[in-house]
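Enquirer: Before I ask anything, here is the structure I am working with.
The values are calculated or read from the model by the stated rules, or taken from the named source; none is laboratory data. Keep in mind the model is a prediction, meaning the values are calculated, not measured. No Cβ is skipped: glycine too gets one built from the backbone with ideal geometry, and neighbour counts run over all protein chains shown. Side chains are part of the model used for accessible areas, which takes the heavy atoms of the whole protein and leaves out ligands, DNA and RNA. Shrake-Rupley method; radii C 1.70, N 1.55, O 1.52, S 1.80 Å.
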Amino acid sequence: MKIKKVHAREIYDSRGWPTVQCEVWLDDGSVFSGYAPAGLSTSSYEAHELRDGDSRLWGKGVMRAVENINQLVCPVLVGKEPVATDLDYILITLDGTPDKSHLGSNAMIATSMALYRAYAHDQGIELYELIAFLMGAQSVTIPCPLFNIINGGRHAENKLIVQEFMIAPLSAGTLREGIEFAVTLFHEIKRILRQQGIFFGIGDEGGITAPFDDPRTALDVMMQAIDKVGADPEAGAGAIALDVAATQFYDSAQKRYIVDGNPLTSDELIVFYKELIKTYPIYSIEDGMAEDDWDGWVSMYESLSDEVQLAADDILATNPARLVQIAERNCATAMVIKPNQIGTVTETLELMNICKSNNLNTIVSHRSGETEDSFIADFAVGTSSGQLKAGGVCRSERLAKYNRLLAIEDILLVTGSRYGGDD
Ligand code: PGA
Ligand code: ZN
């Protein structure tokens with residue numbers, strides 16, 4: 001099969017901002033899409049997302065990225081077989097910059113995802129099977145989802161310094177069971193807030209937003225709901241994961257974290273985390289320190305790594321050079337993997353391989369600006385990522401990923417698959 005056409009258009013994401021959709025047309029008449037997600041609390045080390053920067057839509061248009069696909073990428077890919085692993089390297093060469101700023105990481109990731117779908121079709125297999133094959137895996141596992149329950153920080157525009165309060169059904173026997181638990185908890189929290197007369201809404205990632213200003217208030221509400229549904233966090237049901245996204249409140253000139261107007265040292269912030277861990281069933285803290293606060297990360301690892309998973313997002317930015325630095329300093333235990341931070345699926349797969357060979361946990365992740373694309377669900381299964389962060393249990397751009405996982409779980413459990421079972 002050969003590529004007949006590559007065509008992009010500007011579409012809109014879950015926040016109502018423009019983003020890139022790329023279609024890859026094959027000569028058998030099939031068409032495959034990839035959609036670029038977009039972060040808000042982004043790392044400075046991510047590949048460059050190309051926005052128009054003109055007067056339309058506050059400069060957030062992506063017509064330059066769209067035109068790059070239609071005018072530069074399309075002529076190069078037409079006539080080629082959809083071997084995405086090779087074609088990603090053609091894209092990288094065509095871009096020719098270290099940060100993907102020529103084509104734009106949004107143009108590249110949308111194209112790369114569409115190419116992977118076309119490649120899977122060409123091979124007559126599911127997308128997650130292709131990814132597993134490329135990882136050299138004999139079997140796959142469904143990841144444990146980290147469901148976003150309460151949104152804070154920049155995703156909620158309230159005073160909570162913690163950006164994401166998540167629940168991980170670590171002990172659930174199946175994904176279906178885990179989702180049901182998260183859904184029950186979500187509706188239970190809404191009931192509790194209604195009863196307490198607290199006004200609430202839904203944040204960017206499908207979690208609840210409420211006028212909380214202390215993380216302990218949000219955690220207390222979660223604990224009330226966990227108690228109400230009769231879950232036992234000690235037994236792994238309802239383990240809590242936090243994404244602090246500490247870069248967002250770090251003053252790099254002062255080297256202080258500004259919490260409620262008070263400048264805290266990294267050690268003071270670690271003491272705060274220790275208190276939280278003592279009081280609540282927290283099993284994971286993401287970005288507890290800022291992306292450039294290496295000393296803070298090392299101290300946090302020394303103090304907390306025996307108690308919780310320490311996940312690196314902004315500090316890593318899905319970047320292999322940053323991964324080497326993290327490994328050298330040994331300051332995190334899990335890597336948050338976001339394909340659009342590096343710009344191609346192939347490079348993301350390579351990073352997953354490095355994480356696996358270094359026994360680092362991985363959390364495949366969505367972005368706060370998302371679309372109906374469920375690519376990361378297949379990616380997390382195909383790489384047996386262990387964990388997947390795809391937002392809350394409402395808003396379809398989040399459920400698209402969880403619903404795809406449910407379908408994959410059915411393929412693996414019900415109909416069987418050469419990647420399922422215990423072979
Ligand atoms: P972002 O946030 O997609 O807005 O960068 C997600 C995260 O920090 O994990
Ligand atoms: Zn994060």
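Enquirer: Please pick out the residue among S374, S384, S357 that is under 24 Å from A156 (Cα atoms), surrounded by fewer than 24 Cβ atoms within 10 Å (Cβ to Cβ), away from ligand 1 (no atom under 16 Å from the Cβ) and small (G, A, S).
Expert: Numbers: S384 fails: under 24 Å from A156 (Cα atoms); S357 fails: under 24 Å from A156 (Cα atoms).
Answer to the check: S374.
Enquirer: Give the range 168-209 a look and list any residue that's in a helix (DSSP H, G or I), out of contact with any helix residue (DSSP H, G or I) (no Cβ under 7 Å at 6 or more places or on another chain) and not aliphatic (A, V, I, L, M), or say none.
Expert: Residues satisfying the conditions are E177, G178, E180, F181, T184, F186, H187, K190, R191, R194, Q195.
Enquirer: Here is a check on your reading of the model: is E307 charged (D, E, K, R), within 21 Å of T383 (Cβ to Cβ), away from ligand 2 (no atom under 16 Å from the Cβ) and in contact with a helix residue (DSSP H, G or I) (Cβ under 8 Å, 6 or more places away or on another chain)?
Expert: On the way: charged (D, E, K, R): yes; within 21 Å of T383 (Cβ to Cβ): no; away from ligand 2 (no atom under 16 Å from the Cβ): yes; in contact with a helix residue (DSSP H, G or I) (Cβ under 8 Å, 6 or more places away or on another chain): yes.
So E307 fails the test.
Enquirer: Next up: Among the residues of the range 106-120, is any closer than 30 Å to P211 by Cα and either of a type outside the set (S, T, Y) or open to solvent by 40 Å² or more (accessible area, probe 1.4 Å) (or both)?
Expert: Going residue by residue through the range 106-120, those that are closer than 30 Å to P211 by Cα are none.
Looking through the range 106-120, none of the residues is closer than 30 Å to P211 by Cα and either of a type outside the set (S, T, Y) or open to solvent by 40 Å² or more (accessible area, probe 1.4 Å) (or both).
Enquirer: How many residues does the range 224-281 contain that are of a type in the set (G, A, S), over 24 Å from the mean Cα position of the chain (by Cα) and outside any helix (DSSP H, G or I)? Can you show your working first?
Expert: From the range 224-281, those of a type in the set (G, A, S) are 225, 230-231, 235-239, 241, 245-246, 252-253, 261, 266; that's our starting set.
Okay, now just the ones that are also over 24 Å from the mean Cα position of the chain (by Cα), so 225, 230-231, 235, 252-253, 261, 266.
Next, only the ones that are outside any helix (DSSP H, G or I) stay: 230-231, 252-253, 261.
Here the count works out to 5.
Enquirer: Okay, next question. Give the number of residues within the range 36-55 that are within 14 Å of the chain's Cα centre (by Cα) and either aromatic (F, W, Y) or farther than 17 Å from V66 by Cβ (or both). I'd like the intermediate steps shown before the answer.
Expert: The first filter runs over the range 36-55 and keeps only residues within 14 Å of the chain's Cα centre (by Cα), leaving 36-43, 46.
Remaining after also requiring either aromatic (F, W, Y) or farther than 17 Å from V66 by Cβ (or both): 39-43, 46.
So the answer is 6.
Enquirer: Exactly one of these conditions fails for E286: (1) more than 13 Å from ligand 2 (Cβ to nearest atom); (2) buried (at least 21 other Cβ atoms within 10 Å of the Cβ). Give me its number.
Expert: Going through the list (1) more than 13 Å from ligand 2 (Cβ to nearest atom); (2) buried (at least 21 other Cβ atoms within 10 Å of the Cβ), E286 breaks only (1).
Enquirer: Looking only at the range 156-170, which residues are modelled with pLDDT under 90 and either of a type in the set (S, T, N, Q) or open to solvent by 30 Å² or more (accessible area, probe 1.4 Å) (or both)?
Expert: The first filter runs over the range 156-170 and keeps only residues modelled with pLDDT under 90, leaving 156-159.
Those that are modelled with pLDDT under 90 and either of a type in the set (S, T, N, Q) or open to solvent by 30 Å² or more (accessible area, probe 1.4 Å) (or both): E157, N158, K159.
Enquirer: For E126, are the conditions met, namely being closer than 30 Å to E23 by Cβ and within 16 Å of ligand 2 (Cβ to nearest atom)?
Expert: Details: closer than 30 Å to E23 by Cβ: yes; within 16 Å of ligand 2 (Cβ to nearest atom): no.
Criteria not met by E126.
Enquirer: For the structure I just gave you, tell me whether D293 is of a type in the set (D, E) and under 17 Å from the mean Cα position of the chain (by Cα). Walk me through how you get there before you give the answer.
Expert: Working: of a type in the set (D, E): yes; under 17 Å from the mean Cα position of the chain (by Cα): no.
The answer is no for D293.
Enquirer: Separate question: Between a residue in the range 126-149 that is more than 23 Å from A114 (Cα to Cα) and assigned to a loop (DSSP other than H, G, I, E, B) and any residue that is open to solvent by 30 Å² or more (accessible area, probe 1.4 Å) and at pLDDT below 95, which pairs come within a Cβ distance under 7 Å, given they are 6 or more apart or on different chains?
Expert: Between residues of the range 126-149 that are more than 23 Å from A114 (Cα to Cα) and assigned to a loop (DSSP other than H, G, I, E, B) and residues that are open to solvent by 30 Å² or more (accessible area, probe 1.4 Å) and at pLDDT below 95, the close pairs are Q138/D423; S139/D423.
Enquirer: If you don't mind, there's one more thing I want to ask. Here is a check on your reading of the model: is I363 within 14 Å of ligand 2 (Cβ to nearest atom) and among the β-branched types (V, I, T)? Working first, answer last.
Expert: On the way: within 14 Å of ligand 2 (Cβ to nearest atom): yes; among the β-branched types (V, I, T): yes.
Here the answer is yes, as I363 does meet what is asked.
Enquirer: Let me ask you something else. Filter the range 2-31 for residues that are small (G, A, S) and open to solvent by less than 40 Å² (accessible area, probe 1.4 Å) and give the result.
Expert: First, pick out the residues of the range 2-31 that are small (G, A, S): 8, 14, 16, 29-30.
Correct list: A8, S14, S30.
Enquirer: Is it fair to say F212 is within 16 Å of ligand 1 (Cβ to nearest atom), buried (at least 21 other Cβ atoms within 10 Å of the Cβ) and outside any helix (DSSP H, G or I)?
Expert: Values: within 16 Å of ligand 1 (Cβ to nearest atom): no; buried (at least 21 other Cβ atoms within 10 Å of the Cβ): yes; outside any helix (DSSP H, G or I): yes.
For F212, the condition - within 16 Å of ligand 1 (Cβ to nearest atom), buried (at least 21 other Cβ atoms within 10 Å of the Cβ) and outside any helix (DSSP H, G or I) - is not met.
Enquirer: Can you name the condition, by its number, that Q341 falls short on among (1) more than 16 Å from ligand 2 (Cβ to nearest atom); (2) assigned to a helix (DSSP H, G or I); (3) closer than 25 Å to Q163 by Cα?
Expert: (1)
Enquirer: Among the candidates T333, T362, T346, which residue alone is away from ligand 1 (no atom under 16 Å from the Cβ) and within 25 Å of V308 (Cα to Cα)?
Expert: Just a single option satisfies the conditions, and that option is T333.
Enquirer: Also, I was wondering about something else. Collect the residues in the range 225-262 that are touching a helix residue (DSSP H, G or I) at 6+ places or on another chain (Cβ under 6 Å), surrounded by 17 or more Cβ atoms within 10 Å (Cβ to Cβ) and more than 30 Å from F181 (Cβ to Cβ), keeping them in residue-number order.
Expert: Selection gives Y257 alone.
Enquirer: Separate question: Of the residues in the range 151-171, how many are more than 16 Å from ligand 1 (Cβ to nearest atom) and under 23 Å from S396 (Cα atoms)? Explain how you work it out, then say what you get.
Expert: Of all residues in the range 151-171, those more than 16 Å from ligand 1 (Cβ to nearest atom) come to 159, 169-171.
So of that shortlist, the ones also under 23 Å from S396 (Cα atoms) come out as 169.
Summing the residues that are more than 16 Å from ligand 1 (Cβ to nearest atom) and under 23 Å from S396 (Cα atoms) in the range 151-171 gives 1.
Enquirer: Does E49 satisfy the criteria of being open to solvent by 20 Å² or more (accessible area, probe 1.4 Å), away from ligand 2 (no atom under 16 Å from the Cβ) and more than 24 Å from Q123 (Cα to Cα)? I'd like the intermediate steps shown before the answer.
Expert: Numbers: open to solvent by 20 Å² or more (accessible area, probe 1.4 Å): yes; away from ligand 2 (no atom under 16 Å from the Cβ): yes; more than 24 Å from Q123 (Cα to Cα): yes.
Yes: the conditions hold for E49.
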